[in-house]
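Okay, structure first, notes after.
The values are calculated or read from the model by the stated rules, or taken from the named source; none is laboratory data. Just so we're clear, the structure is a prediction, and the values are computed from it rather than from any experiment. Here the Cβ positions follow ideal geometry from the backbone for every residue, glycine too, while neighbour counts run over all protein chains shown. Note: accessible area is taken over every heavy atom of the protein model, side chains too, but ligands, DNA and RNA are not part of it. Shrake-Rupley method; radii C 1.70, N 1.55, O 1.52, S 1.80 Å.
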Amino acid sequence: EQQVQQSPASLVLQEAENAELQCSFSIFTNQVQWFYQRPGGRLVSLLYNPSGTKQSGRLTSTTVIKERRSSLHISSSQITDSGTYLCAMDDDTNAYKVIFGKGTHLHVLP
Amino acid sequence: EAAVTQSPRNKVAVTGGKVTLSCNQTNNHNNMYWYRQDTGHGLRLIHYSYGAGSTEKGDIPDGYKASRPSQENFSLILELATPSQTSVYFCASGVPGGGNAEQFFGPGTRLTVL
């Protein structure tokens, strides 16, 4: 069964600290997507990063295909960054499907 | 900006009743998806569609039906609702198949079955 593992499950930071979120995959994948979800809210696409390093504002994602992992770095965290971060990969057996991890719950404190 | 809307946003149903959740997208995406999200299980795929008139079973289709009457609309139908179907349901649209994992989500529908 294809799986996406995320770590840590939860993370508490002080405002302005940096966060490092990890995602590992049970198979090799060339489609990795990071999402953000506010409590009770919709999933919002953050970064699509199949390989290498991609940056968007304070977010940097690094995907290493041969090691089957991806990371999301959040620099200078803000209280509004609190929420759940999910990563997803394509389903190797079905081009229409995506497999999600269970997420990292981030709490940024003032 | 891609737009996916869902209705209703909240729904309380009785056991054995019929529930229809609706989703509309203005992205002109071929693919649409229905997920449910539960604590401890994450997002699970119920049904998906790759175009008007098509519906396909996802990972947990039992107890659910889907309908895709047009490119824009995708409905999830619970013919006989049960308390185990209490959950938050998300609709999403995505770019055509071929491995692209980018999806756009609706705001969710919170369903409670009493």
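Checked across the range B:71-78, the condition of being open to solvent by 20 Å² or more (accessible area, probe 1.4 Å), at positive phi and over 11 Å from the mean Cα position of the chain (by Cα) holds for no residue. Would you check if B:G94 is closer than 23 Å to A:T104 by Cα, within 9 Å of chain A (Cβ to nearest Cβ) and open to solvent by less than 40 Å² (accessible area, probe 1.4 Å)? For B:G94, the condition - closer than 23 Å to A:T104 by Cα, within 9 Å of chain A (Cβ to nearest Cβ) and open to solvent by less than 40 Å² (accessible area, probe 1.4 Å) - is not met. Among residues of the range A:1-26 being acidic (D, E) and without any contact (Cβ under 8 Å) to a residue 60 or more places away in the chain, the one that is surrounded by the most Cβ atoms within 10 Å (Cβ to Cβ) is A:E20.
The number of residues in the range A:49-65 that are surrounded by 14 or more Cβ atoms within 10 Å (Cβ to Cβ) and modelled with pLDDT of 90 or more comes to 7.
For the range B:73-89, the criterion of being in a strand (DSSP E or B), closer than 26 Å to A:P50 by Cβ and at the interface with chain A (Cβ under 9 Å from one of its Cβ atoms) is satisfied by no residue at all. Selection of the range B:2-23 for residues being under 18 Å from B:L80 (Cα atoms), of a type in the set (V, I, T) and either surrounded by fewer than 17 Cβ atoms within 10 Å (Cβ to Cβ) or in contact with a Lys or Arg (Cβ under 6 Å, 6 or more places away or on another chain) (or both) yields B:V12, B:V14, B:T15, B:T20. Selection of the range A:35-46 for residues being within 10 Å of chain B (Cβ to nearest Cβ) and open to solvent by less than 50 Å² (accessible area, probe 1.4 Å) yields A:F35, A:Q37, A:G41, A:L43, A:S45.
Residues satisfying the criterion are absent from the range A:72-82 (criterion: under 10 Å from the mean Cα position of the chain (by Cα), open to solvent by less than 60 Å² (accessible area, probe 1.4 Å), within 13 Å of chain B (Cβ to nearest Cβ) and touching a residue at least 24 places away in the same chain (Cβ under 8 Å)).
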